[in-house]
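S.K.: Dropping the structure in here first, questions after.
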Amino acid sequence: MSETIQPSVTNPRVRELCGTMEVHRRLLNESITYQERRALIDNRALAYELQTRSIARSGVTTIPIVVHVVHNPADPSQNISETQVHNQIEVLNQDFRASNSDVSQVPAVWTDRVADCNIEFQLAAQDPDGNPTDGITRTPSTVPFFTTELDDVKSSGTGGADPWPSDDYLNLWVCTELRDGIGRVILGYAQFPGGPPTTDGVVIAGFCFGTGGTAQPPFDLGRTATHEIGHWLDLRHIWGDDRGSCSGSDLVDDTPNQADATFNKPSFPQTSCNNGPDGNMFMNYMDYTDDAAMFMFTHGQSRRMDACLEGARASFLTAPAFALAAARPTPAAAAPAAMAPPAEAQGESQVPQLRQEIERLRRDYQRARSTLDTIRAALSSDASGPADG
């Protein structure tokens, strides 16, 4: 690996830690269908943010995960241990339930914004064919690195591993090295909801996956996966990806506007975009700080994840029984004195109504897609008519 592509801790301005927005922009350019789906998803999320639409799910939603380990047999360390995988799942369950021990480091001005997102993760117990599994696949590969541009880690045809059905499982790929479109080494990337099912999921580099094993400081506490799964559940970067203009937004009201990504492990406060005296919420999982400096989601971010789970990723509201093992104890959520209680639980009675609505939305989407295909075919026929004559 050359010096020009390694992440630089001392010069963070030359690095990009996450490739999700690059994938998002590529899909927007490639697919009208993706553009249309993203518009619907963002409109739904706005209704949840404005609280003009109530949250229907209650209790904890458990999401089945399959971890695809893509490794070079010539380097046994790349074939990460089962223990390292389980450590990562434990971190996810703590972070999304606000039961992580370092949540106590949230500045006092924001403790009332800390959210238990009522989301947990569990390694799949059965594969798509109904066979018992530990939720981990292992694929030997001699590909030296994978890229966001090609999504090549997600296919056996390009040296990676094929996904399991993305409406039943969260596919999480782990490989030795990832690069973005201009060759920079990155930590990971995700695909926002609404993209192609064959590439849906999250990709993490082995040096920042889980705890122990191949994980290396300062990305050795499992927070890269927390960040990327946040994207998979439709969260944006907290600074709005405007690179300093203060005009961008993460589309969440209770995260302060900030100019740019935050690197390393800064002291509080850090101000930008006239957001003093409290400044940037750089300890949020959707910033770029070191693992040891990020430890919270907000209630607004949790509502956006609710919109995702009750919309584009509604198939996970009732996780398939075949995919999950017996229920395990739920970690106790941290409860700082000023932390607000979970809001808007509407009761189990609304879940059947939600399912009916989901089916209606799917039918409406299929009708709209059919109409659009008819219009496109007609336009294509009109365009070719003069040439034929």
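The values are calculated or read from the model by the stated rules, or taken from the named source; none is laboratory data. The structure displayed is predicted, hence computed values, not measured ones. Please note: Cβ atoms are built from the backbone with ideal geometry, for glycine as well, and neighbour counts cover all protein chains shown. Heads up: the accessible areas ignore ligands, DNA and RNA and are worked out on the full protein's heavy atoms, side chains in. Shrake-Rupley method; radii C 1.70, N 1.55, O 1.52, S 1.80 Å.
S.K.: Evaluate the relative contact order of the stretch 167-290 (contact order divided by residue number), counting alpha-carbon pairs under 8 angstrom at least 6 apart; express in whole percent. Don't skip to the end; give the middle numbers.
M.R.: Values: 227 pairs, mean separation 21.4, N = 124.
Relative contact order for the stretch 167-290 comes out at 17 percent.
S.K.: Peptides 68-77, 235-244: what's the order by average Cβ count within 10 Å, highest mean first? Before the final figure, lay out the partial values.
M.R.: On the way: 68-77: 15.9, 235-244: 20.8.
Top of the packing list down: 235-244, 68-77.
S.K.: Sticking with this structure for a sec: Rounded to the nearest 10 Å², what accessible area does Tyr34 show when all protein chains are kept and the probe is 1.4 Å?
M.R.: Roughly 10 Å² of Tyr34 is accessible to a 1.4 Å probe.
S.K.: Sorting check: for 174-185, 266-277, 156-167, which peptide has the highest mean count of neighbouring beta carbons within 10 Å, and how do the rest follow?
M.R.: Values: 174-185: 19.6, 266-277: 13.8, 156-167: 16.4.
Taking the mean over residues of other Cβ atoms within 10 Å, the ranking is 174-185, 156-167, 266-277.
S.K.: State the extension gain, in nm to one decimal, for the chain segment bounded by Thr33 and Lys265, taking 0.36 nm per residue of separation less the distance between their alpha-carbons. Before the final figure, lay out each step's value.
M.R.: On the way: separation 232, 0.36 × 232 = 83.52 nm, distance 3.97 nm.
79.5 nm is the gain from fully extending Thr33 to Lys265.
S.K.: Take Ser81 and Leu50, extend 7 Å from each Cα along the Cα→Cβ direction, and tell me the distance between the two endpoints in nm.
M.R.: For Ser81 paired with Leu50, the spin-label model returns 5.2 nm.
S.K.: To the nearest 10 square angstrom, how much accessible area does Asp127 have with a 1.4 angstrom probe?
M.R.: Estimated to the nearest 10 Å², Asp127 gives 30 Å².
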